[in-house]
Amino acid sequence: MSPDLPYRPNVGICLFNAAGLVFAGRAFANPHGWPDPEIVAPGADWILPQGGIDAGEDIESAARRELFEETGVRSADLVAITDDWWPYDFPVRGAPSHKLFPFRGQTQRWAAFRFTGAEAEITVTAEHTHEPAEFAEWRWTRLAELPLTGPLHRRPTYARVAERFAVLAR
């Protein structure tokens, strides 16, 4: 990836349930058309919610918006936000028509939430929003498993997330 390209400001979300497990969604193999810079492959396709930060939006607001868009969840208490930005590079450059084409990767702040609702609130179909669905399915999983089951280019970030939010996990 070209070092001259900027990173896209982004927020990542860890949604913990009462048992200390974290929400993970299985990403579609190629949701935005080929080539997509966010490559996932079978066995490396469990991801955490994340998304771009809009101009003028603070981290918590962006995290809550993305959490709702991708999972339907509104019943969540903010527990923590990382202090620093964590960048990652895309493994390939997307097509010029792709929204991520102008960026070399994303730089993220991470927010942890405790889910306070009923599981029926969680939906990954995106029927509740104008955005396309991000996940084919979802599950509660151990946070420590994500560096082993996420896309290869996100695994170092997921390892940092697991370390940073370990106190919230079981």
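Quick note: the coordinates plus some simple rules give every number you see, no bench work behind them. Bear in mind the structure is a predicted one, so any value in this text is a computation, not a measurement. Reconstructed Cβ throughout: ideal geometry from the backbone, glycine too, with neighbour counts over all protein chains shown.
So for each of 76-85, 134-143 I average, over its residues, the number of other beta carbons within 10 Å; can you give me the resulting order with the highest mean first?
The most tightly packed comes first, giving 134-143, 76-85.
Taking the Cα centre of the chain as the origin and placing charges on Cβ (Lys, Arg +1; Asp, Glu -1), which of Thr157, Ala111, Gly25 is farthest toward the positive end of the dipole?
Thr157
So what's the projected area for the chain, the Cα convex hull averaged over all directions, in nm²?
9.3 nm²
Which order do Ser2, Ser75 fall in if you start with the one that has the fewest other Cβ atoms within 10 Å?
Fewest-to-most Cβ neighbours within 10 Å comes out as Ser2, Ser75.
Just from its helices, what would the mean residue ellipticity at 222 nm be for the chain, if runs of 4 or more DSSP H residues each count -39500 (n - 2.57) and the sum is divided by every residue, rounded to the nearest 500 deg cm²/dmol?
Calculated at 222 nm, the ellipticity per residue is -4500 deg cm²/dmol.
Any idea what the dipole of the stretch 130-170 comes to, in debye rounded to 20, about its Cα centre with Lys/Arg Cβ at +1 and Asp/Glu Cβ at -1?
Dipole of the stretch 130-170, to the nearest 20 debye: 260 debye.
Any chance you could check the Cα centroid distance between the stretch 106-121 and the stretch 40-87 for me, in angstrom?
7 Å
Show the residues, 5+ positions off or on another chain, whose built amide H is closer than 5 Å to the amide H of Ala76.
Thr116
Would you grab the residues whose amide H sits under 5 Å from the one on Thr123? Only those 5+ places off in sequence or on another chain, please, with H modelled 1.01 Å from N.
It is Gly72, Val73, by chain and number.
Identify, among Ala166, Ala41, Ile122, the residue whose Cα sits farthest towards the positive end of the charge dipole of the stretch 35-170, taking +1 on the Cβ of Lys and Arg and -1 on the Cβ of Asp and Glu, with the dipole about the Cα centre.
The residue sitting farthest along the positive end of the dipole is Ala166.
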